[in-house]
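Before any comments, here is the structure.
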Amino acid sequence: MLSPTKSSPRKNGVSVPLNGNQSTGTMVTSNSVDIALFRYKSSVFAIKEECPHAGGPLHLGEIEDLGEGLLCVRCPWHGWKVDLLSGKVLEPTTHQTESTVTYPVKVDSDGKLFIGFEGLNPKYFRVEESEF
């Protein structure tokens, strides 16, 4: 379940609605992870909220279309560009070995968003070893 976040003590700012023609994103928390959601045309992207450089609030960054299907978000703090599909840093070019986490997103016919994770946060489920 996604819970939209209007503000955070660590990050100043107000999220914008995911629907509409906004160039910035929306911050949500799911599976105890802060995620920046972006909508560009008919696609939705999910990326870890914190910039890999200095922890800037990526949901407040603007989407940039770099051509050839390459979309990035520009961090509002220092201008780093992060690929929305791979999470790789595109600029500055001296830091292209750095990256952040991206998440697969599915939008159902009712407009509900589903974000994929490698696993559930242990605070929700704790799997004990047992024999079945």
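Provide the gained length on full extension for the span T29 to N121, in nm with one decimal, where the gain is 0.36 nm per separating residue minus the Cα-Cα distance.
Result: 31.9 nm gained on full extension.
Quick one: which residues, 5 or more positions from W80 or on another chain, have an amide H under 5 Å from its amide H? H modelled 1.01 Å from N in the peptide plane, none for Pro or chain starts.
C75
Mind ordering 98-111, 69-82, 25-38 by average Cβ neighbours within 10 Å, highest first?
25-38, 69-82, 98-111
Distance from a point 7 Å along Cα→Cβ of L85 to each backbone N in the stretch 37-51: keep the residues under 20 Å and list them by number.
37-48
Kirkwood hydrodynamic radius, the stretch 33-73, all distinct C-alpha pairs: what's the number in Å?
10.8 Å
For the stretch 36-44, in order, what is each residue's ³J(HN,Hα) by Karplus, 6.51 cos²θ - 1.76 cosθ + 1.60 with θ = phi - 60°, in whole Hz (x at glycine and Pro)?
These are the phi-based 3J(HN,Hα) values: 9, 9, 10, 10, 10, 6, 9, 9, 10 Hz.
How big is the stretch 41-132 on each of its three principal axes, counting only the C-alpha atoms and giving the largest first in Å?
If we take the Cα atoms of the stretch 41-132, the spans are 51, 33, 22 Å.
Quick one: Karplus J couplings for the stretch 81-87, per residue in order, coefficients 6.51, -1.76, 1.60, θ = phi - 60°, nearest Hz, x for Gly and Pro?
9, 10, 5, 6, 8, 9, x
With θ set to phi - 60° and the Karplus curve 6.51 cos²θ - 1.76 cosθ + 1.60, what are the ³J(HN,Hα) couplings of the stretch 90-97 in order, to the nearest whole Hz, using x for Gly and Pro?
Values, residue by residue: 9, 9, x, 5, 6, 10, 5, 7 Hz.
Amide H to amide H, which residues 5 or more places from G61 or on other chains are under 5 Å from it, using H placed in the peptide plane?
Residues meeting the amide H criterion: G25.
All of the numbers you see were taken from the coordinates with simple rules; none came from a lab. None of the values given here were measured: they were computed from a predicted structure. Note that each Cβ is placed from the backbone with ideal geometry, even for glycine, and that neighbours are counted across all protein chains shown.
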